[in-house]
Amino acid sequence: DAKTTQPTSMDCAEGRAANLPCNHSTISGNEYVYWYRQIHSQGPQYIIHGLKNNETNEMASLIITEDRKSSTLILPHATLRDTAVYYCIVRVASGGGSNYKLTFGKGTLLTVNP
Amino acid sequence: NAGVMQNPRHLVRRRGQEARLRCSPMKGHSHVYWYRQLPEEGLKFMVYLQKENIIDESGMPKERFSAEFPKEGPSILRIQQVVRGDSAAYFCASSPGQGVLGEYGNQPQHFGDGTRLSIL
């Protein structure tokens, strides 16, 4: 699976949009970008995933650049409860091999301030 | 709650005892994955199971650790003769089965809230 690079930490004001970047310059054509977050003392929570088109759901939006070498997770109106470690993970999503494994890096600690 | 259920949430064992961790996948999910998170580290894959089959246990320590997912009941991660280094959070995830054409291949894994194992 392609390696990802994320900032160690970010701050965001409550009510503002949080934009979390992720670089995945070695991504392959059949690899998806997944985002998870882990709130303290809880399990990782799935947020969103995409292949090449921008995606939006009730939690967030995922913007993937045209060359797919980077992406941005957008939380449109951050709340205090969005304070968590956010993980950007790239993996092949079909076929054989060990593509089912999720490889968690260190992620980005997002702190939402009042 | 239709999510992945893990129990117990917290488990304390003395060195040499056995620890047994349970995971019930989301309804309709037939694939189970176990991950371990050591203090101050990221989650690491341990084992992938389908009903009555171990598909990949490449992330499991060679000794003392075993996992099963029986036809009926939850998946079990068993750690025999626990040592201090086994202290960690153990997370279970589940996903739908992989279709013949791989059409479920991009389905995300959904995690439980983990079992925090402490070894005295």
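The numbers here are math on the coordinates, done by the rules we state, and not lab data. A quick note: this is a predicted structure, and the numbers were derived from the prediction, not measured. Cβ: placed from backbone, ideal geometry, glycine included. Neighbour counts: every protein chain shown.
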So B:ASN53, is it surrounded by fewer than 16 Cβ atoms within 10 Å (Cβ to Cβ) and within 24 Å of A:GLN42 (Cα to Cα): no
Selection from segment A:4-30 of residues that are within 17 Å of A:ASP67 (Cα to Cα) and either surrounded by fewer than 19 Cβ atoms within 10 Å (Cβ to Cβ) or of a type in the set (A, V, I, L, M, F, W, C) (or both): A:THR5, A:PRO21, A:CYS22, A:ASN23, A:SER25, A:THR26, A:ILE27, A:SER28, A:GLY29, A:ASN30
Selected residue (criterion: nearest to the other protein chains (Cβ to nearest Cβ)) from residues of segment B:1-48 that are out of contact with any Leu (no Cβ under 6 Å at 6 or more places or on another chain), farther than 22 Å from A:GLN45 by Cβ and not small (Gly, Ala, Ser): B:VAL12
Leading residue by the ranking (farthest from B:PRO96 (Cα to Cα)) among those in segment B:1-29 that are crowded, with 16+ Cβ neighbours inside 10 Å and either over 17 Å from the mean Cα position of the chain (by Cα) or polar (S, T, N, Q) (or both): B:ARG13
Count of residues meeting criterion [touching a residue at least 40 places away in the same chain (Cβ under 8 Å) and surrounded by fewer than 20 Cβ atoms within 10 Å (Cβ to Cβ)] in segment B:32-50: 4
Total residues in segment A:37-86, condition in contact (Cβ under 8 Å) with a residue 40 or more places away in the chain and either small (Gly, Ala, Ser) or out of contact with any strand residue (DSSP E or B) (no Cβ under 6 Å at 6 or more places or on another chain) (or both): 11
